[in-house]
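Here's the structure we're looking at; comments come further down.
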There are 2 protein chains.
Amino acid sequence: MAEAVKLIGAFGSPFVHRAEVALRLKDVPYELILEDLTNKSELLLRHNPIHKTVPVLLHGDRPAICESLLIVEYVDEAFDGPPLLPVDPYDRAMARFWAQFIEQKCSMPFWMAVWLDDGEAREGFVRETRANLALLEARLQGKRFFAGDGVGCLVGAAEFPALRSWAEAYTSDETVSACLPPREQLVANFAGKKDRIKMAVNAMVQRS
Amino acid sequence: MAEAVKLIGAFGSPFVHRAEVALRLKDVPYELILEDLTNKSELLLRHNPIHKTVPVLLHGDRPAICESLLIVEYVDEAFDGPPLLPVDPYDRAMARFWAQFIEQKCSMPFWMAVWLDDGEAREGFVRETRANLALLEARLQGKRFFAGDGVGCLVGAAEFPALRSWAEAYTSDETVSACLPPREQLVANFAGKKDRIKMAVNAMVQRS
């Protein structure tokens, strides 16, 4: 019998979405356990004491696997089904490079650009985000997905045309759309936690 | 005929060391091209326009592969020889997790703790570094290397006994020691660039 797969997640998290899509593309049945991130459960803290973040993947009795990109690679390697990363080593390296690029150079400055109070610092992050999205845009030119014709690595969105086409192709995919939350619910959720995020981001910058 | 492998590196870089050890463990012949990072070459900027960092791996005519951990995974997958990452998917996930942990949670705060001028901010990074090294120390208890008995994932060092034993075991390895620079040369090199690093680190923090 296959070992049970559980995913600790939270509503609206793009990182959790990434892990869910990986499991669904591999046709792995899983139980989704939703956390309230303002009041983290003992289950989450016990399984991810280092980062205390979602998603966390529990597969049978092994200690948890944390970090969404690591979960994607694990799901790809541990389960049968269509490969998630490209098969060729060089193409795999490129997929990992752009996934990391998005994580480090797009998501972080994007969130800083959205939530920072200090106008000058915020402007710097706006410029950085736009410059890095332009690099992504160039990378996507003429392609349906980052790694070719199928749903490959998973990312954000923007006003650039190739990125917009990608976002449309990505969210239209049957497997993906089955685990996307309704837009209104997502917007309401973000509106509800806006002040808390803003405070955390500004405190983070003041620390350094 | 095997395609030529070139590694763009810089003296004393632990990230370049990581890539060199991977190539040597796989017995891949390579040409090391040393950069002067105060005056980056057209070759480096052309092949790594996004991060502008070393190491950069050139394999045949393909576009470059950047980022040391991605180079390690590529070398592991593209060349025959002993596996660098563990073979079991779960163990691979753990190896990747700790390599990322070291990169994000140990190296960065460590450098901030060493180079920051502001006493209070520096103290925060000292505490963070020590707390995270304690987690690594616990992870290494009773093991020779992070992934078992062979040279596995590659990291820093500290005053903790298990980490110290690891550092000794790691640097005593024949493949590793063959591409480590002499200690005196390394110290002189760091002393020479101390002021420049200090200035860059402090400017980075002031930006945010």
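Please treat every number below as a calculation from the coordinates, not as lab data. These numbers come from a predicted model, not from an experiment. Every residue, glycine as well, gets a Cβ built from its backbone with ideal geometry; the counts of neighbours run over all protein chains shown.
Some notes on this structure:
- Among residues other than B:Ile8 with Cβ under 13 Å from its Cβ, the summed charge is -2 (Lys and Arg +1, Asp and Glu -1).
- Over segment A:5-78, relative contact order from alpha-carbon pairs under 8 Å, at least 6 apart, %: 39 percent
- Per-residue HN-Hα couplings for segment A:30-38 [Karplus 6.51, -1.76, 1.60; θ = phi - 60°; Hz; x = Gly/Pro]: 8, 9, 9, 9, 8, 8, 9, 6, 7
- Long-range amide H partners of A:Leu34 with built H, under 5 Å: A:Gly9
- Based on C-alpha pairs under 8 angstrom that are at least 6 apart in sequence, chain B has a relative contact order of 18 percent.
- Other protein chain Cβ atoms within 10 Å, averaged over every residue that makes up A:95-101: 4
- Highest average packing first - B:184-197, B:99-112, Cβ atoms within 10 Å: B:99-112, B:184-197
- Each of A:Tyr74, B:Tyr170 was scored by other Cβ atoms within 10 Å of its Cβ. Listed from fewest to most, they are B:Tyr170, A:Tyr74.
- For A:Arg62, inter-copy separations between label points set 7 Å beyond Cα along the Cβ vector come to 2.6 nm, shortest first.
- Calculated label separations, B:Gln185, copies of the chain, 7 Å along the beta-carbon direction, nm: 6.1
- The other copies place their A:Ala200 label points at 3.1 nm from this one, listed shortest first, where each point is 7 Å from Cα along Cα→Cβ.
- Among beta bridges identified by DSSP and lying wholly in segment A:1-146, the antiparallel ones come to about 60 percent.
- Förster radius 35 Å - calculated FRET efficiency between A:Thr171 and A:Ser41 (Cβ-Cβ, nearest 0.05): 0.75
- Note on B:Lys40: lysines with a C-alpha under 26 Å away, same-chain residues under 8 apart excluded, are A:Lys105, B:Lys6, B:Lys52, B:Lys193, B:Lys194, B:Lys198.
- Build a GNM of chain A with springs between Cα atoms under 10 Å apart, and of A:Ala22, A:Ala95, A:Ala78 the one that fluctuates most is A:Ala78.
- Taking other residues whose beta carbon is less than 13 angstrom from the beta carbon of B:Ala191, and scoring Lys, Arg as +1 and Asp, Glu as -1, yields +3.
- Rounded to the nearest 20 debye, the dipole size of chain A about its Cα centre is 540 debye, using +1 on the Cβ of Lys and Arg and -1 on the Cβ of Asp and Glu.
- Charge tally around B:Leu180: other residues with Cβ under 13 Å, Lys/Arg +1 each, Asp/Glu -1 each, net -2.
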